[in-house]
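Report on the structure given below.
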Amino acid sequence: MGNEISKTREAAANPTEYAREWKKRTGRPVIGYFCSYAPVEMIHAAGALPFRITGGDREIARSGAHLQQYCCSLARTALEGGLSGELDFLDGTIFTHTCDTMQRLSDIWRRELGLPFHADFILPVRFSCELAFKYMLEELKDLRSKLELFLGEVSNENLRGSIEIYNKNRKLLSELYDMRVASPALVSCRDSLMCVYSSMIMDVDENNAFLGKALEDLRSKEGNESCADDYGNVGKIPLFGSGSVMNDWEVLRILEEAGGTIVDDDFCTGRRYFEGCVSPEGEPMLSIVKRIWERDICPCKHRLLDERAKRLVLQMERSRANGVLFFLLKFCDPHFFDFPYVVRALENRGVPSLLLEMEQGSVSIENIRTRIEAFMETMRECH
Amino acid sequence: MIFAGVDIGSLTAKAVILSESRVIAESILSTGHNSRLASRKALDEALDLAGIREEQIERIVATGYGRLSVDFPAEKVTEITCHAKGVHSLFPDVKTMIDMGGQDSKAIALGDDGRVIDFVMNEKCAAGTGRFLEVMARALEVALTEFGSLSLESKNPARISSVCTVFAESEVVSRIAEGASKVDIAAGIHSAVASRIYAMAMRIPVREPIVMTGGVAFNMGVQRALEERFGTEIIIPEKPQHTGALGAALIAESRAKSA
């Protein structure tokens, strides 16, 4: 991708630097969130920057006293970032109740970081009955009033404005993904996932401007893919990526070097983040809940027993991928509970897959390289 | 035509030279701290043994964890693909292979045509590798070469419950303090290794026959413990450390032919 993308790359590679600079530049508050279910448009409507917190390459020193080793590296390294002062630009945090670790992390976070604002957005576990829908709506209303206490009134008009801006962001990211499926050589999977990640870090207006230009640039290169990107993406084996948080750019680089590329995914820092728009019609709160309700579900939530497997197969086939790469965070129970039946659904269709157990910040890179390369070798049937 | 395969593992570097699909020379030496140097030495030694010059080699494939650091022109293929190729050439019926090297252990499922259909590897943990056995042999003050056969004498294996190298070592010290014999502790250790490998291997479809490779294949104690676990014979090639380099050389040959 051209120069337009360099800003999104920068923000994705140095998210804390971006947030700190944004805060200095605008004088406005930054509200952190951990999960793709967080109502970013509401944070935006309240005048704050919604900032996606993930783990990172941080040595565990302080957080080890609060979270056991069997908690995922996302929780452990994110808490380390909070305790070490690396996230000191945060004015508050919204925790979305997904897994047990995240719920308990919320308590530790509130007590140990003592940020001016802290709220829990308690989602129902089952996304399948009217009562759960109503409950979610009430929770969202509660979150709105908590945000208003801290940041002032969030008017419906502002909320509608933010919904429109975020819908634009979602459409742009969706276009980028469509473009990749149609022509994987146009842009590397690393760049495309960095674009999604940057949209969770950057001011959404700014991000929309960069994405719009980047897409224009890509469109001009359609049909001439051989010179489209920096990674020589031509001829790579198209794969589908499955998992939760996937912002390990080094691993994606290794995948591309090994001759593979991710053409579509269900990461919560990928398609699950931007999938579906909030209806601009009607009551905005109801519309926000509807989008969360209808979107591809996180394995922490339940709708139908075989929904995730069916959805994965459908998405994979639609993306014309030749196989699936699972990037699952070690100790992520919700994902690992789903894994056996999801893999079985793929095996029944003869789809090859590889499970990579990931750890934020401390992945054993040579080991991962060997696995990825071996998987690519089996895909190519080179021997 | 002459082809070479070089396998640079964490503990040893191996080279195999093929001429007209026949092995004409093999070498093995310690990798040491410099895998680039070790791969060069392994190749040179094999060339000397074969009495040929490097220029005569048509194509080289490098494999093993040091595959990216070789200083001679070579294609890079992972040890998973190479081991499978090497073992399949020796045992065309093989369906599962277990490779236990210095730092890695892996299980590979092979299709009827010898292709890799699935594989699983250990991660950041030395349990179930050659290094684990080295540490345990040292804790028991037994020579590594005798460690396996010693365990075969046991009638009452001690229970070693931990799969962590560090904790297992302290468990061994506790068993010694409790008065358990070296023989029984050694048997317990081998059984723990076999359990670890079995648990890992069961993540892929395990079918017979099973072949074991890597330096640990020289250890009869591990072989027997694995046979008990899997309930079947574990076949060991004559030179279990060389199958990766052999497979690499065979891949070099087949790629040259299909080019």
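All of the numbers you see were taken from the coordinates with simple rules; none came from a lab. What you see is a predicted model, and the numbers here were worked out from it, not measured in a lab. FYI the Cβ positions are ideal-geometry reconstructions off the backbone, even for glycines, and counts take in every protein chain you see.
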Margin query: Using only Cα atoms and rounding to the nearest 10 degrees, what angle (0 to 90) does helix B:243-258 make with the longest principal axis of chain B?
Written below: 30
Notebook entry, point to check: Using only Cα atoms, what is the ratio of the radius of gyration of chain B to 2.2 N^0.38 Å?
Noted result: 1.03
Item checked: lysines with Cα under 18 Å of A:K301, excluding same-chain neighbours fewer than 8 positions away -> A:K134, A:K290, A:K310
Note to self: Please report the antiparallel percentage of the DSSP beta bridges confined to the protein assembly as shown, to the nearest 5.
What the structure shows: 35
Next item on the list: List B:M100, A:M379 from most exposed to least, where exposure is judged by having the fewest other Cβ atoms within 10 Å.
Entry: A:M379, B:M100
Next item on the list: Mind jotting down the three principal axis lengths of region A:1-56 based on Cα atoms? Whole angstrom, largest first.
Entry: 33, 26, 21
Note to self: Relative contact order for region A:277-383: what percent, with Cα pairs under 8 Å and sequence separation of 6 or more?
What the structure shows: 22
Item checked: Surface/4 estimate of mean projected area, convex hull on alpha-carbon atoms of region B:1-88, nm² -> 5.0
Next item on the list: For n ≥ 4 DSSP H runs only, could you compute -39500 (n - 2.57) per run for chain A, divide by its residues and tell me the 222 nm figure to the nearest 500?
Entry: -16500 deg cm²/dmol
Check: Helix A:130-151: angle to the longest alpha-carbon principal axis of chain A, degrees 0 to 90, nearest 10?
Finding: 60
Notebook entry, point to check: What distance in nm separates the simple spin-label points at A:E164 and B:F167, each placed 7 Å from Cα in the Cβ direction?
Noted result: 5.9
Next item on the list: Quick one: angle between helix A:204-221 and the longest Cα principal axis of chain A, in degrees between 0 and 90, rounded to 10, please.
Entry: 20
Next item on the list: Can you tell me the relative contact order of region B:145-185? Whole percent, Cα pairs under 8 Å, sequence separation 6 or more.
Entry: 52
Next item on the list: Over the whole of B:97-108, what's the average partner chain Cβ count within 10 Å per residue? Rounded to a whole number, please.
Entry: 1
Checklist line | Span from the region A:55-125 Cα centroid across to the region B:1-70 one, whole angstrom | finding: 50
Notebook entry, point to check: Among rounded, prolate and oblate, which fits region A:36-161 when a ≥ b ≥ c are the square roots of the eigenvalues of its C-alpha gyration tensor, a/c under 1.5 means rounded, and a/b larger than b/c means prolate?
Noted result: oblate
Note to self: What percent of all Cα-Cα pairs in region A:241-300 falls into each 5 Å bin, going from 0 up to the bin containing the maximum distance?
What the structure shows: 4, 16, 21, 18, 13, 11, 8, 5, 3, 1
Notebook entry, point to check: According to the square roots a ≥ b ≥ c of the eigenvalues of the Cα gyration tensor, what is the shape class of the protein assembly as shown, taking rounded for a/c under 1.5, prolate for a/b larger than b/c otherwise, and oblate for the remainder?
Noted result: prolate
Note to self: For a test of the definition: using alpha carbon positions, the gyration tensor, and the 1.5 limit on a/c, classify chain A as rounded, prolate or oblate.
What the structure shows: rounded
Next item on the list: Output the relative contact order of region B:93-236, whole-number percent, from Cα pairs under 8 angstrom with separation of 6+ residues.
Entry: 32
Next item on the list: Could you tell me what percent of the DSSP beta bridges with both partners in region B:93-236 are antiparallel, to the nearest 5?
Entry: 60
Next item on the list: Express in nm, to one decimal, how much length is gained between A:T26 and A:D88 on full extension, taking 0.36 nm for each residue of separation and deducting their alpha carbon distance.
Entry: 20.7 nm
Next item on the list: Let me know the volume per residue of the alpha-carbon convex hull for region B:93-236, in Å³.
Entry: 90
